[in-house]
Structure formats: C-alpha cells, structure tokens
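Colleague: Before anything else, here's the structure in question.
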Amino acid sequence: MNSSIIIRAPLHVQVAERLRLMIDSGELEPGARLNEIDLCNTMGVSRTPLREAIRSLATEGLIELQPNRGASVSIISQEDVSEILPIMAALEGLGGRLAATYMSEEKIAQVRKVHDQMISHYQNREVAEYFETNRLIHELVTEGSGNQTLVDTINSLSAKVRRARFSAQMTEESWAKAVSEHEEIIAALEAKDPERLEAILIQHVETKRATILGTLEDKN
C-alpha cells in the first residue's frame, strides 16, 4: 500500500465540514435560515451534496429541518447546556481515566504538541485557532481511551453543544483558568495518573458549563 496516496473525502462530507466550521465560527448564527442558493454559490457546489451535508448535520443536532420552512442553525438553550454538559463531564472524565491507563507515549506526545500550539494561540490571542486546538486536545484524549462506544457517545453529545462550548465568550480570568486546567490535564496524562486526569477533566467541563450559562444569560 502506498502511504503517500491521499484519499479525498466525498464532496458532501467536505461540504458538511465547511458548514460545521461556519456554524462553529458564528458565520452562520443560531437560528439563521440556510439559503441553499447562496451556500451553493459560496462553496461552488450543486444542491445535491449540500442537501446531503445538511441532512448529516441535522442528525448531529447542529441543524434543524423544519417542514415547509427549510433548514436553520440549531439554537442552543440553557436547558440543553444544563442537561448535556454534566453528562459530558462524567464521560470525558471516564475517557481521561482510560486514556491515562492505555494511551501510548507516542499519542501522548501528540497531545502535548497540540497543547503547545494551543498555548501559542492563547499568548497571541488567536481566538479561533485557540478553540480549534482546544477541541482537538479533548478529542485526542477521548480517542486515547480506546473505547469506541465512549468516543461515539461523547461525539454525539458534543455536537449538540459544540459551538457554545468552544466559542463561549470568556473573560481574561476565565480564559487563563481554562488554560491552567489544560496544563493540569497534560501533566496528569503524561504522569499516567488516571484518577487525577479524571477529576481534572470533570472539573474542566463543569467550569466550561458555568461559562457558557453565563454567556447565554447575558444574551437573554
């Protein structure tokens, strides 16, 4: 097998990822109707892959399909956050416990590399890049658990609150606290300390829940 071969994702998968980024970045705001003609022109695609992508994101909870009204970006409520994030905290904590037990040194080094990139983005106040590397760290730790059922469950729940989780407005104090907790996450992972990593991840997600709820309350 030629390892240099690049496998190109199907067009509808590429379109779905583009839409996902537009939603996460706020380019497509919560509640916004999706104009298929505009999106097709923007992406240079036909309606067929766009509609496949929209249906895919609807199953993730990022888009709502409304009879006779088309599709719109899902609105994240305080109730959604209050219900989903405590579950996420418990599951990510379990993922961390398993990752600290089973993750290889090579994979841990990969997480450290992404973490260092995240710190650089934080220092340079590169918000979009910071949130993207932040998200990747959580995904890598979860994948390091080696439990695919856990990974799939977390991904399914995360999709429903991902934009709020990784783009909630933070104060300098809360941002610094999040970065400090990430430092602790990496230290516990490198030390292969399951109990410590589980506890830190649970606290980290709980801290994020409070930040998100504060942001949503300010908007109401």
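Colleague: In this structure, does Gly31 turn out to be outside the structural domain of Pro194 (by TED's automatic domain parsing), in contact (Cβ under 8 Å) with a residue 40 or more places away in the chain and closer than 25 Å to Glu139 by Cα?
Modeller: Values: outside the structural domain of Pro194 (by TED's automatic domain parsing): yes; in contact (Cβ under 8 Å) with a residue 40 or more places away in the chain: yes; closer than 25 Å to Glu139 by Cα: no.
Answer is no for this residue.
Colleague: Where residues in the range 142-160 are in contact with a Gly (Cβ under 6 Å, 6 or more places away or on another chain) and touching a residue at least 60 places away in the same chain (Cβ under 8 Å), which of them is surrounded by the most Cβ atoms within 10 Å (Cβ to Cβ)?
Modeller: Among those that are in contact with a Gly (Cβ under 6 Å, 6 or more places away or on another chain) and touching a residue at least 60 places away in the same chain (Cβ under 8 Å), it is Lys160.
Colleague: Separate question: Scanning the range 115-141 for residues that are crowded, with 17+ Cβ neighbours inside 10 Å and aliphatic (A, V, I, L, M), which turns out farthest from His182 (Cα to Cα)?
Modeller: Result: Leu140.
Colleague: Among the residues of the range 49-59, are any surrounded by fewer than 17 Cβ atoms within 10 Å (Cβ to Cβ), in the same structural domain as Lys160 (by TED's automatic domain parsing) and not polar (S, T, N, Q)?
Modeller: In the first step, residues of the range 49-59 are kept if they are surrounded by fewer than 17 Cβ atoms within 10 Å (Cβ to Cβ); the result is 51-52, 55, 58-59.
Still in the list and also in the same structural domain as Lys160 (by TED's automatic domain parsing): none.
Looking through the range 49-59, none of the residues is surrounded by fewer than 17 Cβ atoms within 10 Å (Cβ to Cβ), in the same structural domain as Lys160 (by TED's automatic domain parsing) and not polar (S, T, N, Q).
Colleague: Let me confirm something: among Ile202, Ile212, which residue is modelled with pLDDT of 95 or more and within 19 Å of the chain's Cα centre (by Cα)? Write out each step before concluding.
Modeller: Working: Ile212 fails: modelled with pLDDT of 95 or more.
None of the others qualify; the one that does is Ile202.
Colleague: Restricting to the range 20-68, and then to whatever is among the basic types (Lys, Arg) and in a helix (DSSP H, G or I), can you tell me which residue is nearest to Glu132 (Cα to Cα)? Steps first, please.
Modeller: First, the residues of the range 20-68 that are among the basic types (Lys, Arg): 20, 33, 47, 51, 55.
With in a helix (DSSP H, G or I) added as a condition, the list becomes 20, 47, 51, 55.
On the way: Arg20: 12, Arg47: 28, Arg51: 26, Arg55: 24 Å.
Only one residue tops the list, namely Arg20.
Colleague: If you check Glu60 against the conditions, is it without any contact (Cβ under 8 Å) to a residue 60 or more places away in the chain, out of contact with any Asp or Glu (no Cβ under 6 Å at 6 or more places or on another chain) and closer than 27 Å to Glu143 by Cα? First the steps, then the outcome.
Modeller: Values: without any contact (Cβ under 8 Å) to a residue 60 or more places away in the chain: no; out of contact with any Asp or Glu (no Cβ under 6 Å at 6 or more places or on another chain): yes; closer than 27 Å to Glu143 by Cα: yes.
Taking the combined requirement at face value, the residue does not satisfy it.
Colleague: Are there any pairs with C-beta distances below 7 angstrom linking a residue in the range 37-50 that is free of Cβ contacts under 8 Å to residues at least 60 places away in the same chain to a residue that is among the hydroxyl-bearing types (Ser, Thr, Tyr), with the two at least 6 apart or on different chains, and if so which?
Modeller: Partner pairs satisfying both residue conditions: Cys40/Ser46.
Colleague: Please enumerate the residues belonging to the range 145-169 that are touching an Asp or Glu at 6+ places or on another chain (Cβ under 9 Å) and either under 17 Å from Thr59 (Cα atoms) or at pLDDT 85 or above (or both).
Modeller: Matches in the range 145-169: Val151, Ile154, Asn155, Ser156, Ser158, Ala159, Lys160, Val161, Arg162, Arg163.
Colleague: Give the residues of the range 69-117 that are under 18 Å from the mean Cα position of the chain (by Cα), modelled with pLDDT of 95 or more and assigned to a loop (DSSP other than H, G, I, E, B), sorted by residue number.
Modeller: Across the range 69-117, there are no qualifying residues.
Colleague: Here's a follow-up. All but one of (1) part of a helix (DSSP H, G or I); (2) small (Gly, Ala, Ser); (3) on the phi > 0 side of the Ramachandran plot hold for Ser174; which doesn't?
Modeller: Only one criterion is unmet by Ser174, namely (3).
Colleague: While we're on this one: Within the group Glu129, Glu105, which residue is touching a His at 6+ places or on another chain (Cβ under 7 Å) and farther than 21 Å from Gln203 by Cβ?
Modeller: Working: Glu105 fails: touching a His at 6+ places or on another chain (Cβ under 7 Å).
Answer to the selection: Glu129.
The values are calculated or read from the model by the stated rules, or taken from the named source; none is laboratory data. If you're wondering where the values come from, they're calculated on a predicted model, not measured in any experiment. Cβ: placed from backbone, ideal geometry, glycine included. Neighbour counts: every protein chain shown.
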